[in-house]
1. How many residues does the stretch 70-93 hold that are part of a helix (DSSP H, G or I) and within 13 Å of the chain's Cα centre (by Cα)?
2. From the list Ile20, Ile71, which one is at pLDDT 90 or above, outside the structural domain of Ala142 (by TED's automatic domain parsing), of a type in the set (A, V, I, L, M, F, W, C) and crowded, with 17+ Cβ neighbours inside 10 Å?
3. Filter the stretch 77-105 down to residues that are of a type in the set (Val, Ile, Thr) and closer than 21 Å to His182 by Cα and give me whichever is surrounded by the fewest Cβ atoms within 10 Å (Cβ to Cβ).
4. Quick check: anything in the stretch 211-228 buried (at least 17 other Cβ atoms within 10 Å of the Cβ), at pLDDT below 95, of a type in the set (Val, Ile, Thr) and farther than 15 Å from His182 by Cα?
5. Please find, within the stretch 231-264, the residue that is surrounded by the most Cβ atoms within 10 Å (Cβ to Cβ) out of those that are of a type in the set (Phe, Trp, Tyr) and in contact with a helix residue (DSSP H, G or I) (Cβ under 9 Å, 6 or more places away or on another chain).
6. Might you let me know whether the stretch 134-142 holds any residue that is out of contact with any Asp or Glu (no Cβ under 7 Å at 6 or more places or on another chain) and without any contact (Cβ under 8 Å) to a residue 40 or more places away in the chain?
7. How about the stretch 173-192: which of its residues are buried (at least 22 other Cβ atoms within 10 Å of the Cβ) and closer than 21 Å to Asn120 by Cα?
8. With respect to Pro39, is the statement that it is modelled with pLDDT of 95 or more and surrounded by fewer than 20 Cβ atoms within 10 Å (Cβ to Cβ) true?
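The values are calculated or read from the model by the stated rules, or taken from the named source; none is laboratory data. Just so you know, these numbers come straight off a predicted model, no measurement behind them. Here Cβ is always computed from backbone atoms with ideal geometry, including for glycine, and neighbour counts include all displayed protein chains.
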Amino acid sequence: MIRTSLRYHRPATPEETSAILAGHAGDVVVLGGGTMLLPMMNRAEVNAGHIVDLRGLGLDTITEHGDQVRIGARVTYDNLFSSDVVARTVPLLRRMASGITGGGQLRNLATAGGSACYGNPSSDVPAVLVALEATMCLHGSAGQRRVPAGEFFVDAFRTALGDGEFLMSMEVTRRAARVGYHKLKLCEGSWPIVTAAVVRDGERVMATVGAASPTPRRFDLTSYLDSGKDTVDEFVRGHIENPWTDVLADGAYRKDVSGAVVRRAVAELQEAERS
């Protein structure tokens, strides 16, 4: 059960938020949607004396700024799926949001930003943000800091967030081009075992594999698009370093099936380009 001495904070400004986080470093957690944090606190897997609720900051809008799309840290999966801006400018995000399991209640509460900060290798979010070359916009005691998504995910359940820092938003460049996205799961309601996002970037086709390693793996697949199954699979497996093991699947299995998941994402991309 949640400890009774927990102190609740609802700051009104980014500066106040960072001051609270820095002042209680090591004994404070950030509340976004709460779908992961609150169950963990109930199970005593997280024990903190202070909880900071970000609702006072807003951070729940999706806006366009030139060729950039800014997604607030508290934007939910349902917001992503129903956003006309996302559908028009960053279809991969909408594709990802459409496949999030857990029912309407979870999708209405769970946030992409919270999932990013949690850093679970099996989450859809880290690999999609890396595939989109997103920028993570952080705020801390020293002000704002921008970190590429590829550098934000440091290890399993570890991010580049420092003491006093929290995620304000994620920025992605408009990418209305066709994309492919596929994931392998044990069942409809489980976390993914492997995910693959394939994006055409000019003349290149870039693939990003998630859930197979502690952090997403991104690589150029262009030269292998017309190769045979075995060649593609071997190439993809070569990029899966330190494969991730958890209760869903061991690392050897994840590495072995990663090529097949990428090939299915490529097939989805090619079908979209033909339509």
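1. Taking the stretch 70-93 and keeping what is part of a helix (DSSP H, G or I), we get 77-82, 84-89, 91-93.
Narrowing the set further to residues that are within 13 Å of the chain's Cα centre (by Cα) leaves 77, 80, 92-93.
The number of residues fulfilling the criteria is 4.
2. Checking each option against the conditions leaves just Ile20.
3. Filtering the stretch 77-105 down to residues of a type in the set (Val, Ile, Thr) leaves 85-86, 89-90, 100-101.
Pick out the ones that are also closer than 21 Å to His182 by Cα and you get 86, 89-90, 100-101.
On the way: Val86: 23, Thr89: 20, Val90: 25, Ile100: 20, Thr101: 14.
By that ranking, first place goes to Thr101.
4. Start the filter on the stretch 211-228 by keeping residues that are buried (at least 17 other Cβ atoms within 10 Å of the Cβ), which leaves 211-218, 221, 224.
Checking the rest, the ones that are also at pLDDT below 95 come to 224.
Cutting the leftovers down to of a type in the set (Val, Ile, Thr) gives us none.
Within the stretch 211-228, none of the residues are buried (at least 17 other Cβ atoms within 10 Å of the Cβ), at pLDDT below 95, of a type in the set (Val, Ile, Thr) and farther than 15 Å from His182 by Cα.
5. Quick first cut of the stretch 231-264, residues of a type in the set (Phe, Trp, Tyr) only: 235, 244, 253.
Filter once more, keeping what is in contact with a helix residue (DSSP H, G or I) (Cβ under 9 Å, 6 or more places away or on another chain): 235, 244.
Numbers: Phe235: 17, Trp244: 23.
Only one residue fits best here, namely Trp244.
6. First, pick out the residues of the stretch 134-142 that are out of contact with any Asp or Glu (no Cβ under 7 Å at 6 or more places or on another chain): 136, 141-142.
From the residues that got through so far, the ones that are without any contact (Cβ under 8 Å) to a residue 40 or more places away in the chain too are 136, 142.
Yes, the conditions are met somewhere in the stretch 134-142.
7. First, the residues of the stretch 173-192 that are buried (at least 22 other Cβ atoms within 10 Å of the Cβ): 179-182, 192.
Scanning the stretch 173-192 gives Tyr181, His182, Pro192.
8. Working: modelled with pLDDT of 95 or more: no; surrounded by fewer than 20 Cβ atoms within 10 Å (Cβ to Cβ): yes.
Against the criterion (modelled with pLDDT of 95 or more and surrounded by fewer than 20 Cβ atoms within 10 Å (Cβ to Cβ)), Pro39 does not qualify.
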